[in-house]
1. Choose one of Pro137, Gly152, Pro195: the residue whose Cα lies farthest towards the positive end of the charge dipole of the stretch 117-211 (beta-carbon charges +1 Lys, Arg; -1 Asp, Glu; about the Cα centre).
2. Over 24 Å apart: what share of the alpha carbon pairs of the chain falls there, rounded to a whole percent?
3. Using a 1.4 angstrom probe with every protein chain in place, what is the largest-first accessible-area order of Lys167, Lys4?
4. Using a 1.4 Å probe on the protein heavy atoms only, what accessible surface does His183 show? Give it in Å² to the nearest 10.
5. How big is the stretch 33-141 along each principal axis, measuring the range of its Cα positions in Å and listing the largest first?
6. Considering Cα pairs under 8 angstrom that are at least six residues apart, work out the relative contact order of the chain and quote it in whole percent.
7. Write down the percent of antiparallel bridges among all DSSP beta bridges whose residues are both part of the chain, to the nearest 5.
8. How would you classify the stretch 104-255 from its alpha-carbon gyration tensor, with a ≥ b ≥ c the square roots of the eigenvalues: rounded for a/c under 1.5, else prolate if a/b is greater than b/c, otherwise oblate?
Amino acid sequence: MDGKRVAVVVSHPAHLLTVAGLLHRYRPEVLTLFRTDAAQNVALRAALPYRVTSFGESEPESFARAMAGDFAYHAALGDRIFHWLRAARPDVVLGDAYEAYNYHHDVARLLIDDAVERWRALGNRIESHEFPLSFRPDAPGAPVRYGEFVTGPFRAVRLDAREAAVKRELIATVGRVDPFVAHTAPLFARPEVEPYREVPPDRDYTAPPPGLALYYDERGREVVAAGKHAHPILFRAHFVPLVRALGLAPLARAA
């Protein structure tokens, strides 16, 4: 990515902590899609030394639209990402990986791909990469793993001492106001290495990634059992129909 204009697009602001060294090195244009904890947002904005664009979309509304089969809502969000990319004009865009762990992580990846394909269709060149967040291997009793890819090939930004120190301080600053960040950050085994890989143009979003469990299906059923939602968000019932509606299923791509 050296010498190139870089853009970073993430579903949730806390994901920026995962690539904080890369942010420090490349000073990319940054876009976050969904709003989360207010204290976390304030801490991130205070700690990051450059502008972050936030769409501030509502997760509950996104869930409700998915439940209703309202594909126009997410298509419109994809339009906004496309227009943001067109204004930023990056050579490289980096975003959340496809991991079947969290619905909104996967939606972000899908909408980034949609925007990139549209930008390329206009004759523009742009690299598209993803960085890992969290996933559960598709094996009985396997624990959730963080910040790694189980298959290759991939590349990595290896932080120097200054970049690593900046990243540690940023995580500590946000962790002081956000218990989720304080709990999750230590689970990333090698914070001094920030892996990323090219997004394959022929990826099949109607199937989970090889070797990964449909974790957000599991999580959806857990929150329903806990009384937090009446119905779970499921991969085949809600994510795959969005893939098809956006024309990103394999047959639609071929056509």
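The values are calculated or read from the model by the stated rules, or taken from the named source; none is laboratory data. Everything numeric in this text was worked out from a predicted model, so none of it was measured. Cβ atoms come from the backbone with ideal geometry, glycine included; neighbour counts cover every protein chain shown. For the accessible areas, the whole protein counts, side chains as well, though only heavy atoms, and no ligand, DNA or RNA atoms are used. Shrake-Rupley method; radii C 1.70, N 1.55, O 1.52, S 1.80 Å.
1. Positive-end residue among those listed: Pro195.
2. Tail of P(r) above 24 Å: 46 percent of Cα pairs.
3. Lys4, Lys167
4. The accessible area comes out at roughly 130 Å².
5. Sorted from largest, the Cα extents of the stretch 33-141 read 45, 34, 30 Å.
6. The normalised contact order for the chain reaches 22 percent.
7. 35 percent
8. Oblate shape, in that a/c is at least 1.5 and b/c is the bigger or equal ratio.
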